[in-house]
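Engineer: First the structure, then my questions, so here it is.
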Amino acid sequence: MSDQVAVTSRVVAVFGAAGHTGRFVVAELLRRGIRPIAIARSAEALAAANFREPEVLCRPATVEDERLLLRALAGAEAVINCAGPFLDTADALAAAAVKLGIHYVDVSAEQPSVTTTLEKFDQPAREAGVAVIPGTGFYGGLADLLVTAVLADWTSADTIDILIGLDSWHPTRGTRVTGERNKATRMVVADGRLSPLALPSAQKHWNFGAALGEQLVSEMPFSEIVLISRHVKTSELHTYLSTVALTDIRDKSTPAPQAVDSTGRSAQRFVVDVVARREGATRRIIARGQDIYAFTAPLVCEVVERLIRQQFSRAGAHAPGEILDAHEILTALQPDHLEFEIGAS
């Protein structure tokens, strides 16, 4: 992955910068002319990541050492947490961010972590005048923004289905560790309230168009359920994921993602199809892109850039669609990172 050198007064910290997604985020910040502070557990981990100094400021820190963590975050306007399991990192890092008066964003797909962050840090973030936005990754934030954009002037929906199509899923080490750590019951919205996912998971066939064709999908909710339910009124909210992706990630022999281009992206393709229904009418939005880990970087950086430029509606702990313009964010990601289309179905 090649970074572009940038000299700027804007500074954003990346916690977990030496990890797979963290490296993409550091490179994306540089591309945007924002100076990253790369934070990792040790100087050795930072050296192995081969970040170019002084364009990238490298500082070791852990969530267990508050004083060192606060020192590592010094000078940043926001921090992006890429270090899962977020059940172990989000609380300490969000607390440090609020204490310093800087914005906090993470890329957690974990429902318990996102729920706790939203509940615990809303009032402190309001008092500090900053935004706390957990779950702003491919799983979580993307679906929240897609739902917000497709609903538009609808104040509620009867049902919302999120269908995620992948042609494969080669998990990173971080994904595997997080999966082992996060054993909580997954939640959906059923009959207008958050409820445990019914088991065995519902399955159906879905046609993802020319990109992926027809696939068998299984109900598999991530952090988007928590995010969307905070600001969207709907009787039913369900997420489905390609069974081919589930088979890949459940197979311990499935290798980590391999780069196929100069940016470090893998060949993985994704389609996210959102279908919302209300009083007999249907709205649909379809997003397509490459490599769910690589895509998370421009998504979270677009959100953070809008936060540091004060382009959000209010402080506190929120879903991205609550306080940011969802359609503008999705549009800004075109055509390099995402293509999407909205229409009636």
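The values are calculated or read from the model by the stated rules, or taken from the named source; none is laboratory data. Worth saying up front: this structure is predicted, and the values here are computed from it rather than measured. Using ideal geometry, Cβ is built from the backbone for each residue, glycine included, and neighbour counts are taken over all protein chains shown. When the accessible area is computed, the model is the full protein with side chains, heavy atoms only, and any ligands, DNA or RNA have been set aside. Shrake-Rupley method; radii C 1.70, N 1.55, O 1.52, S 1.80 Å.
Engineer: Please give the length that would be gained between LEU87 and ALA48 if that part of the chain were fully extended, namely 0.36 nm times their separation in residues minus their C-alpha to C-alpha distance (nm, one decimal).
Structural biologist: Working: separation 39, 0.36 × 39 = 14.04 nm, distance 2.55 nm.
Answer, rounded to one decimal: 11.5 nm.
Engineer: May I ask you to list the trypsin sites (Lys or Arg not before Pro) in the stretch 202-300 that are in a DSSP loop and have at most 15 other Cβ atoms within 10 Å of their Cβ?
Structural biologist: Answer by residue number: LYS252.
Engineer: Does the stretch 75-190 come out rounded, prolate or oblate by the C-alpha gyration tensor, with a ≥ b ≥ c the root eigenvalues, rounded set by a/c under 1.5 and, if not, prolate when a/b is larger than b/c and oblate if not?
Structural biologist: It comes out oblate by the Cα gyration axes.
Engineer: Between ARG173 and ASN207, take the C-beta separation as r, use R0 = 30 Å, and let me know the FRET efficiency to the nearest 0.05.
Structural biologist: 0.35
Engineer: Using +1 at the Cβ of each Lys and Arg and -1 at the Cβ of each Asp and Glu in the chain, identify which of LEU69, ILE292, GLY165 lies farthest towards the dipole's positive end.
Structural biologist: Value: LEU69.
Engineer: Here's another thing I want to ask about it. Roll a 1.4 Å probe over the protein heavy atoms and report the accessible area of TYR240 in Å², nearest 10.
Structural biologist: 20 Å²
Engineer: Give me the extension gain from SER218 to SER262: residue separation times 0.36 nm, minus the current Cα-Cα distance, reported in nm with one decimal.
Structural biologist: On the way: separation 44, 0.36 × 44 = 15.84 nm, distance 3.35 nm.
This chain segment gains 12.5 nm when fully extended.
Engineer: Considering just Cα atoms, how many Å³ per residue does the convex hull of the chain enclose?
Structural biologist: With only Cα atoms used, the chain gives 126 Å³ per residue.
Engineer: Based on DSSP, what percent of beta bridges with both residues in the chain are antiparallel, to the nearest 5?
Structural biologist: Approximately 55 percent, going by the DSSP bridge assignments.
Engineer: Moving on to the next point. Taking the Cα centre of the chain as the origin and placing charges on Cβ (Lys, Arg +1; Asp, Glu -1), which of VAL11, ALA152, ASN207 is farthest toward the positive end of the dipole?
Structural biologist: Of the candidates, VAL11 comes out farthest on the positive side.
Engineer: Follow-up question, since we're still on this one. Taking the Cα centroid of the stretch 265-335 and of the stretch 128-195, what is the distance between the two, rounded to the nearest whole Å?
Structural biologist: 11 Å
Engineer: At 0.36 nm per residue, minus the direct Cα-Cα distance, what do THR159 and LEU70 gain on full extension? Give it in nm, one decimal, please.
Structural biologist: Roughly 27.7 nm would be gained on extension.
Engineer: Place a +1 charge on the Cβ of each Lys and Arg in the chain and a -1 charge on the Cβ of each Asp and Glu, then give the dipole magnitude about the Cα centre in debye, rounded to the nearest 20.
Structural biologist: I would put it at about 440 debye.
Engineer: From the Cα gyration tensor of the stretch 199-345, with a ≥ b ≥ c the square roots of its eigenvalues, which class applies: rounded if a/c is under 1.5, or else prolate if a/b is larger than b/c, or else oblate?
Structural biologist: In terms of gyration-tensor shape, oblate.
Engineer: Summing +1 for each Lys or Arg and -1 for each Asp or Glu, what net charge is found among the other residues whose Cβ lies under 11 Å from the Cβ of GLY289?
Structural biologist: Value of the local net charge: 0.
Engineer: Report, in degrees rounded to the nearest 10, the 0 to 90 angle that the Cα long axis of helix 141-151 makes with the longest principal axis of the chain.
Structural biologist: Approximately 50 degrees, to the nearest ten.
Engineer: Right, next: Which GluC sites (Glu not before Pro) does the stretch 213-315 hold that lie in a coil by DSSP with at most 12 other beta carbons within 10 Å? Can you show the working numbers first?
Structural biologist: Working: sites: GLU214, GLU219, GLU224, GLU236, GLU279, GLU302, GLU305; in loops: GLU279.
Sparse-neighbourhood loop GluC sites (Glu not before Pro): GLU279.
Engineer: Spelling out what I want: for every residue of the stretch 233-243, take phi, set θ = phi - 60°, compute 6.51 cos²θ - 1.76 cosθ + 1.60 (Karplus), and round to whole Hz; glycine and proline get x.
Structural biologist: 8, 8, 6, 9, 9, 9, 10, 10, 10, 3, 5
Engineer: Please report, in debye to the nearest 20, how large the charge dipole of the stretch 242-316 is about its Cα centre when each Lys and Arg carries +1 at its beta carbon and each Asp and Glu carries -1 there.
Structural biologist: Approximately 360 debye in magnitude.
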